[in-house]
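Reading through the structure tokens given below for one structure.
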Amino acid sequence: MLPVVESICTRYTLGDPLDPDQLLTGEGLPDYAGIGAWLFHTATGESLDRKGIREDQWYLGESSAFHVWLIYRPELDFLKSRDAALTLNLTERIGAHKRHLVFASARFVTNQVLLPLGVEHAPLSFALYRFERD
């Protein structure tokens with residue numbers, strides 16, 4: 001008799017491919033859940049439960065190690081603005097109990113303030129909002 005081999009497979013549906021030229025002009029920026037799922041998986045190695053996303057609060061979800069946050073709107077002007085930065089106000093609101101990982105295009109808080117609160121900043125990919133020079 002052969003031993004029973006069990007496997008667990010996860011099925012994924014792929015979204016539209018990212019076109020770097022469109023990203024640079026702001027035409028092809030992915031939606032919040034789309035980029036959030038990719039960043040969440042890349043940072044944690046886990047799948048994002050999209051039912052837990054609270055976009056209005058910048059909250060993506062919880063992994064085994066982190067609460068994961070994403071300050072993002074699929075608008076180039078927003079990504080280049082001060083509103084897209086991690087601030088002390090948000091840092092103080094979220095810091096507690098478990099480690100927090102915040103993806104944002106910038107931050108106005110030093111590591112000396114972030115780390116004691118259990119908050120780590122991860123910059124969004126520069127390619128999402130950098131300028132191309134002619």
For Ser47, indicate whether it is assigned to a loop (DSSP other than H, G, I, E, B), more than 25 Å from Leu29 (Cα to Cα) and not hydrophobic (A, V, I, L, M, F, W, C). no
Say we look at the range 20-58 and pick out the residues that are hydroxyl-bearing (Ser, Thr, Tyr) and closer than 15 Å to Ala122 by Cβ; which of these is modelled with the highest pLDDT? Thr44
Among residues of the range 115-124, those that are in a loop (DSSP other than H, G, I, E, B) and either farther than 25 Å from Pro30 by Cα or of a type in the set (Ser, Thr, Tyr) (or both), counted: 1
Single residue of the range 113-129 satisfying the filter (closer than 14 Å to Ala84 by Cα and either of a type outside the set (Gly, Ala, Ser) or loosely packed, with under 10 Cβ neighbours inside 10 Å (or both)) that is modelled with the lowest pLDDT: Tyr129
List pairs: first residue in the range 51-75 and in contact (Cβ under 8 Å) with a residue 60 or more places away in the chain and surrounded by fewer than 18 Cβ atoms within 10 Å (Cβ to Cβ), second residue among the small types (Gly, Ala, Ser) and assigned to a strand (DSSP E or B) anywhere in the structure, Cβ distance under 8 angstrom, at least six positions apart or on different chains. none
May I ask you to list pairs of residues, at least six apart or on different chains, whose Cβ atoms are under 7 Å apart, with the first in the range 113-124 being free of Cβ contacts under 8 Å to residues at least 40 places away in the same chain and the second being among the polar types (S, T, N, Q) and outside any helix (DSSP H, G or I)? Pro123/Ser105
Among helices (runs of 4 or more DSSP H) entirely inside the range 67-114, those with 1 or more residues being acidic (Asp, Glu) are 76-79, 88-94
Which count do you get for residues in the range 80-112 that are surrounded by 13 or more Cβ atoms within 10 Å (Cβ to Cβ), among the polar types (S, T, N, Q) and either more than 22 Å from Tyr32 (Cβ to Cβ) or touching a residue at least 12 places away in the same chain (Cβ under 8 Å) (or both)? 3
Contact list please: Cβ distance under 9 Å, first residue in the range 29-43 and within 9 Å of Ile53 (Cβ to Cβ), second residue aromatic (Phe, Trp, Tyr) and surrounded by 15 or more Cβ atoms within 10 Å (Cβ to Cβ), pairs at least six apart or on different chains. Tyr32/Tyr72; Gly36/Tyr72; Gly36/Phe103
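The values are calculated or read from the model by the stated rules, or taken from the named source; none is laboratory data. All values reported here derive from a predicted model rather than from experimental measurement. Note that each Cβ is placed from the backbone with ideal geometry, even for glycine, and that neighbours are counted across all protein chains shown.
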